[in-house]
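Reading through the structure tokens given below for one structure.
The values are calculated or read from the model by the stated rules, or taken from the named source; none is laboratory data. These numbers were taken from a predicted model, which means no experiment stands behind them. Please note: Cβ atoms are built from the backbone with ideal geometry, for glycine as well, and neighbour counts cover all protein chains shown. Heads up: the accessible areas ignore ligands, DNA and RNA and are worked out on the full protein's heavy atoms, side chains in. Shrake-Rupley method; radii C 1.70, N 1.55, O 1.52, S 1.80 Å.
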Amino acid sequence: SKEENKQLKKRYAVFNDAGKLVELKGFEIKRRGELKLVKVFQGDVFDKFLDGSSLQECYTAVASVANRYLDVLEEEGHMYDDESLIALLMEQNNMSRSLAEYITDGQKSLAITTAKRLAELLGEQVVRDKLTCKYIVCKKPEGV
């Protein structure tokens with residue numbers, strides 16, 4: 001870390017002699033609550049880490065993956081059909097308790113905000129029990 005007394009999170013990938021990814025720590029690909037787009041991107045990048053016979057060839061292989069995903073972002077996903085694009089941009093969280101319990105505990109999260117908005121839109125009965133929230137993080141419509 002560049003800052004004094006501030007540690008970096010551990011992040012590493014371990015490959016076996018056959019080139020298979022056998023251990024992963026600290027990356028979004030392993031976490032719940034991350035966009036599928038980020039997980040798929042990281043998985044594709046890790047698949048290229050051992051490509052080539054030099055560091056430059058490895059960087060070139062990884063850069064080709066990064067450029068492909070940059071194209072997805074810059075072209076706003078036009079190369080995907082709607083269902084595939086939504087699957088990449090959608091996130092899902094399971095709430096093991098009722099929304100009221102999370103609010104009482106003072107917790108905040110995107111899933112809780114989503115559940116609150118669902119309750120405003122569809123009524124409180126929708127969020128009384130355990131809930132699975134699926135949502136898409138987006139810029140528009142603005143002000144919502």
Quick one: would you say Asp71 is at pLDDT 85 or above, under 17 Å from the mean Cα position of the chain (by Cα) and not in a loop (DSSP other than H, G, I, E, B)?
no
Among the residues of the range 88-111, which ones are within 17 Å of the chain's Cα centre (by Cα) and either open to solvent by 70 Å² or more (accessible area, probe 1.4 Å) or not hydroxyl-bearing (Ser, Thr, Tyr) (or both)?
Leu88, Leu89, Met90, Glu91, Gln92, Asn93, Asn94, Leu110, Ala111
Please determine, by comparing only the residues of the range 98-125 that are in a helix (DSSP H, G or I), more than 24 Å from Glu34 (Cβ to Cβ) and small (Gly, Ala, Ser), which one is modelled with the lowest pLDDT.
Ala100
Specify which of the listed residues (Val40, Val14) is part of a helix (DSSP H, G or I) and hydrophobic (A, V, I, L, M, F, W, C).
Val40
